[in-house]
Amino acid sequence: MKPEIFAGSIVFSKKGRDKGYPFVVLLSLDTDFVLIVDGKRRTLAKPKRKRRKHLSATPHAAPEILSLYAMNRLKDSDVRKALKPFYASEAAPAGPDGSSSQSKA
């Protein structure tokens with residue numbers, strides 16, 4: 001069964017120039033659109049309106065983001081902190097000898 005997209009969900013973009021990036025769903029606008037933020041490219045001051053069908057839901061959620069948003073105390077740094085485990089490209093995988101797999105040129 002596919003996870004649902006709701007406010008507080010951690011989602012990945014499937015379409016557009018932000019394809020593959022993680023986001024937090026801030027608000028559900030209607031049955032078709034949601035507002036998403038990531039704290040970097042899409043800040044709380046300028047959230048992205050995106051169709052649900054262009055998002056890939058995960059089983060993860062960030063309820064602390066919603067509670068801070070409800071109290072009007074949410075900051076972009078809180079969103080970035082919640083999404084940090086979902087950025088796979090930030091850490092280069094280590095090789096069998098413990099060194100980075102990136103070539104040194």
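Take the Cα of residue 88, step 7 Å toward its Cβ, do the same at residue 6, and the gap between the two points is 2.7 nm. Sparsely packed loop sites in segment 22-91 (the trypsin sites (Lys or Arg not before Pro) outside DSSP H, G, I, E and B with at most 13 other Cβ atoms within 10 Å) comprise 40, 41, 73, 75.
A short reminder: the numbers here are calculations on the coordinates, not readings from a lab. As the structure is a prediction and not an experimental result, all values here were calculated from the model. Note that we place each Cβ from the backbone using ideal geometry, even for glycine, and neighbour counts take in every protein chain shown.
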